[in-house]
Amino acid sequence: MLNIRYIRVGKKNSAFFKIVVTDKRRSAKSGKFLEELGYYNPKTKERKLNIERVKHWLSQGATVSDTVHNALVAEKLIDAKKKASHKQPKKKEGEEAK
């Protein structure tokens, strides 16, 4: 199964992310991917996507990670709500909802 997700590149304390298509079973750190679709620089908030190729891979059945899903929603490429990309903390026993 194919997945569209971020791969972190760049020096320590200077993150830079590539948006790539890769096999879901493959580790993100392996660096092996099928195609690079764009990039995201969190320092300057600059994001560039190859929209035509993203649409192609989505039509081929590729899934997207939560953070890439939110990026596609921000670019108005897909019409959906943003997903929570972080894990919710577990509630302790006996703690009531506020």
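Assorted remarks:
- Unsatisfied cross-links (Cα-Cα over 22 Å) in the set LYS18/LYS82; LYS18/LYS76; LYS11/LYS32; LYS18/LYS45; LYS29/LYS81; LYS24/LYS87: LYS29/LYS81
- In the set (i) 16, 50, 30, 5, 0; (ii) 15, 43, 31, 10, 1; (iii) 14, 42, 27, 11, 5, 0, the label that goes with P(r) over Cα pairs in 10 Å bins from 0, in percent computed for this structure is (iii).
- Here the chain exposes an accessible surface that is 49 percent carbon and sulfur, computed with a 1.4 Å probe and the other protein chains kept in place.
- In the chain, the DSSP beta bridges split such that about 90 percent are antiparallel, to the nearest 5.
- For the range 1-89, the solvent-accessible area with a 1.4 angstrom probe is 70 square angstrom per residue.
- Computed lengthening from LEU77 to ARG25, 0.36 nm per intervening residue step minus Cα-Cα distance: 16.2 nm
The values are calculated or read from the model by the stated rules, or taken from the named source; none is laboratory data. Keep in mind the model is a prediction, meaning the values are calculated, not measured. We work out accessible area using only protein heavy atoms, side chains counted, and drop any ligands, DNA or RNA first. Shrake-Rupley method; radii C 1.70, N 1.55, O 1.52, S 1.80 Å.
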